[in-house]
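Bear in mind that the values in this text are calculations on the coordinates, not laboratory data. Small disclaimer: the values here were computed from a predicted structure and weren't measured. Cβ sites come from the backbone with ideal geometry, for glycine too, and all protein chains shown count toward neighbours.
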Amino acid sequence: PLTARVAVNQMWMRHFGTPLVPTVLDFGQNGQAPTHPALLDWLASELIEPSFAKTSSSAPWSMKHLHRLIVTSRTYRMASTPDDKNLATDPDNRWLWRMPSRRMEAELVRDGILFVAGKLDLTFGGPDIDYELGLTVNRRSLYFRHAQEKQMEFLKMFDCAAVTECYQRKESIVPQQALALANSDLTLVQARIIARRLHETTATDNSAFVTAAFERVLSRSPTRSEEHTSELQSRFGI
C-alpha cells in the first residue's frame, strides 16, 4: 500500500539523509522512481507484517520495529570513511557502500550543546514554551513554540523545520552558523560549564584534560597527533 511505502521512505530519509524515492513531496507516478525499489517494497512489507528479527515490538505497523531493523543493519553501522576504489565507481554512494556524512538537524545542534554540558532538561511532556526563552530554558528544542512568526533564532540559523512543509528540510551552509556557535550566549555559557568540570577533575594533568575533553565532546579518544597538538596549545595558551 502507498501508506506503508511513504512511511518507509520518510524513515529511511531520517536515518540516512537521502530518501529511497528522491521526490519525497511527490511520491507516485508523477515523481522519480525509487533508487532501490526492491528494498523499498521489502521494508514496506516488513512494516505491515513483521517477519524478520521478531521482538516484543514486532507488531503490525510497528515503527519501532522498523527503526530497530534499520539501525541494527550492517548498512547503517558502516563507517563513513571514503574508499578510493568505491568513490571512483560510485561517488554518489548510490549503492550504500558507506554511511553518508550529513548535517545534524537544528534541534540536535542545540540539544547536543546542552547535553554535553550536562544541562539538558529531559523532562517529558508539558505545554509549549515561548520561543524567546530558547537561550535560557534548558528544555529540549521539541517543546518550544514554532510558527511562521514565532521561531527561535538559533534554530533558524541551522535550518529548522519550515512550517509550511512537512516532507524534507532544506540545508544551507552559511558563515552565520559558525558565528552562532562561536558567539551565542548558549554556547559560551555551556562551554564554560564543560571547561570548568574538566578542569576540576584533571587540573594538573594536561594529557588527561585533553583525553577527557575529546571523550566528553566527541565521544572518542584523541589520536596521538591530536593529543600532541592539544597539549602544545594548552601549554602555551594558544
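With all projection directions averaged, the alpha carbon convex hull of the chain covers 17.4 nm².
Shown is the FRET efficiency for Asn30 and Ala161, computed with R0 = 30 Å from the Cβ-Cβ distance and rounded to the nearest 0.05: 0.80. Loop exposure criterion: GluC sites (Glu not before Pro), DSSP state outside H, G, I, E and B, at most 14 other Cβ atoms within 10 Å. Applied to the chain, the longest stretch between such sites is 1-148. Loop-located trypsin sites (Lys or Arg not before Pro) in the stretch 85-158 (DSSP state other than H, G, I, E, B) with a sparse environment of at most 12 neighbouring Cβ atoms within 10 Å: Arg94, Arg102.
Under a 5 Å amide H cut-off, with hydrogens placed 1.01 Å from N, Arg139 pairs with Asp121 among residues at least 5 apart or on other chains. Shape call for the stretch 128-181 from the C-alpha gyration tensor, a ≥ b ≥ c root eigenvalues: rounded (a/c under 1.5), prolate (a/b greater than b/c) or oblate? In terms of gyration-tensor shape, oblate. Counting Lys +1, Arg +1, Asp -1, Glu -1, what net charge surrounds Glu200 among other residues with beta carbon under 15 Å of its beta carbon? Net charge in that neighbourhood comes out at +3.
Taking amide hydrogens as placed 1.01 Å from N in the peptide plane, the amide H of Ile129 sits under 5 Å from those of Phe144, Arg145, each at least 5 positions away in sequence or on another chain.
With contacts taken as Cα pairs under 8 Å and at least 6 residues apart, the chain reaches a relative contact order of 11 percent.
Cross-link partners of Lys54 among lysines, defined as those whose alpha carbon lies under 27 angstrom from its own and excluding same-chain residues fewer than eight positions apart: Lys64. Sequentially through the stretch 115-128, phi angles give Karplus couplings (6.51, -1.76, 1.60; θ = phi - 60°) of 5, 4, 7, x, 10, 6, 7, 8, 4, 8, x, x, x, 5 Hz, Gly and Pro residues having no value and appearing as x. Placing R0 at 30 angstrom, the Cβ-Cβ distance between Ser225 and Leu108 gives a FRET efficiency of 0.60 after rounding to 0.05. Under the criterion of Cα pairs below 8 Å and six or more residues apart, the relative contact order for the stretch 1-127 equals 17 percent.
The slack in the chain from Asp41 to Leu122, taken as 0.36 nm per residue of separation less the alpha-carbon distance, amounts to 25.5 nm. On full extension, the segment bounded by Glu132 and Leu2 gains 42.8 nm, given 0.36 nm per residue less the C-alpha separation. Rounded to the nearest Hz, the phi-derived 3J(HN,Hα) couplings of the stretch 216-224 under the Karplus curve 6.51 cos²θ - 1.76 cosθ + 1.60 (θ = phi - 60°) are 6, 8, 10, 6, 7, 7, x, 6, 4, where x marks glycine and proline.
Only lysines eight or more places from Lys156 in sequence, or on another chain, were considered; those with a Cα closer than 23 Å are Lys119, Lys170. The mean of 1/r over all distinct Cα pairs in the stretch 1-82, once inverted, gives the Kirkwood hydrodynamic radius of 13.2 Å.
In a reduced charge model with +1 at each Lys and Arg Cβ and -1 at each Asp and Glu Cβ, the stretch 91-168 shows a dipole moment near 360 debye about its Cα centre. Computed over Cα pairs, the Kirkwood radius of the stretch 155-213 leads via Stokes-Einstein (1.567 mPa s, 4 °C) to a diffusion coefficient of 91 µm² per second.
Placing +1 on each Lys and Arg Cβ and -1 on each Asp and Glu Cβ, with no other charges, gives the stretch 1-65 a dipole about its Cα centre of roughly 180 debye. Between Leu20, Leu188, Leu66, the GNM of the chain built on Cα springs shorter than 10 angstrom shows Leu188 fluctuating the most.
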